[in-house]
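Worksheet for the structure shown next.
What follows is calculated from the coordinates using simple rules that are stated; it is not laboratory data. These figures come from a predicted structure and were not determined experimentally. Here the Cβ positions follow ideal geometry from the backbone for every residue, glycine too, while neighbour counts run over all protein chains shown.
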Amino acid sequence: MGKDELASEPPHVRGREAVIADSAGVVWRDGAPPDYHLSHQTMPSERTAHHPPGSLADIVERVVQVFEMELSHKKDPAQWVSMVTDQLRVSVNGGPVVGSTELAERGSYNVLIGENPYYSASDETFESSHEIFHEAFPGGFFWEVLEVYSPPPTIAFKWRHWGTFSGPYKGAAPTGKRIEMFGVTVAVVAADLRIIEVHNYYDNTTLLGELAHGHGN
């Protein structure tokens, strides 16, 4: 798929800005759509993988970014456009499978991190979990696709999460270091590339240990 063909695709394939522009009537958690100016400013120079527009890796990155944006900022799952909401299933490291209702109530950070030596999801609300990581990464916490291993409908891909630890984490002072996390995701998608299942595999103990002051392995 070339760049011109991508422009004719549905908003969730074109990316976050397209979904936001097409969001009349959406109930945003903060009362307004999110602002991704930090991503636009920082990602081009800090990302490590550069995918041709319209390539499978480029499209997977766009769809997953929309997925994350909707989980974090759209309050009503019925308004999520990047997912088949009534079939959605999400898991981490082979653990319990969670649906859209629980994701909307607990928040993606709590579901995707769970119980950890340096973070307890049971102690946090949706709002407090987001505040913790926004404070730790005030300059942004970015995400990119590194490699795609298989095509739809079951897409396996490797990714990288990164940001600069320049704000406090649960009372721990920032170090100013760039912190990275890598993982693999297997996603099942519909014919229109809406997400049906997302199974994530990664070790978050190292990243959280670094935030809690050098305890990562």
Quiz item: How long are the semi-axes of the ellipsoid equivalent to the range 10-108, from square roots of 5 times the Cα gyration tensor eigenvalues, in whole Å, largest first?
Solution: 23, 18, 13
Self-check item: Percent of alpha-carbon pairs separated by more than 13 Å within the range 61-117
Solution: 58
Practice problem: List, in order, the whole-Hz ³J(HN,Hα) value for each residue of the range 154-159 obtained from phi through the Karplus relation with A = 6.51, B = -1.76, C = 1.60 and θ = phi - 60°; use x for Gly and Pro. | Solution: 10, 9, 9, 8, 9, 9
Exercise. Report the full-extension gain for the segment residue 213 to residue 172: residue separation times 0.36 nm, less the Cα-Cα distance, to one decimal in nm.
Key: 14.1 nm
Exercise. With N set to the residue count of the chain, report its C-alpha Rg divided by 2.2 N^0.38 Å to two decimal places.
Key: 0.98
Quiz item: Do you know the relative contact order of the chain, to the nearest whole percent, from alpha carbon pairs under 8 angstrom that are 6+ apart?
Solution: 18
Quiz item: How large is ³J(HN,Hα) for each residue in the range 77-94, as worked out from phi by the Karplus curve 6.51 cos²θ - 1.76 cosθ + 1.60 (θ = phi - 60°), to whole Hz, x for Gly and Pro?
Solution: x, 5, 9, 6, 9, 8, 9, 8, 4, 6, 10, 4, 9, 10, 9, 10, 6, x
Quiz prompt | Distance between modelled label sites at residue 36 and residue 49, nm, 7 Å Cα→Cβ extension | solution = 1.6
Quiz item: Rounded to whole Å and sorted largest first, what semi-axes of the equivalent ellipsoid does the C-alpha gyration tensor of the range 109-217 yield via the square root of 5 times each eigenvalue?
Solution: 28, 15, 12
Quiz item: Under the Karplus relation 6.51 cos²θ - 1.76 cosθ + 1.60, θ = phi - 60°, what is the ordered set of whole-Hz ³J(HN,Hα) values for the range 181-197, x standing for Gly and Pro?
Solution: 9, 10, x, 10, 10, 10, 10, 9, 10, 7, 4, 8, 6, 6, 7, 10, 9
Quiz item: For the pair residue 205 and residue 180, how long in nm is the line joining their label points, each one 7 Å along Cα→Cβ?
Solution: 2.1
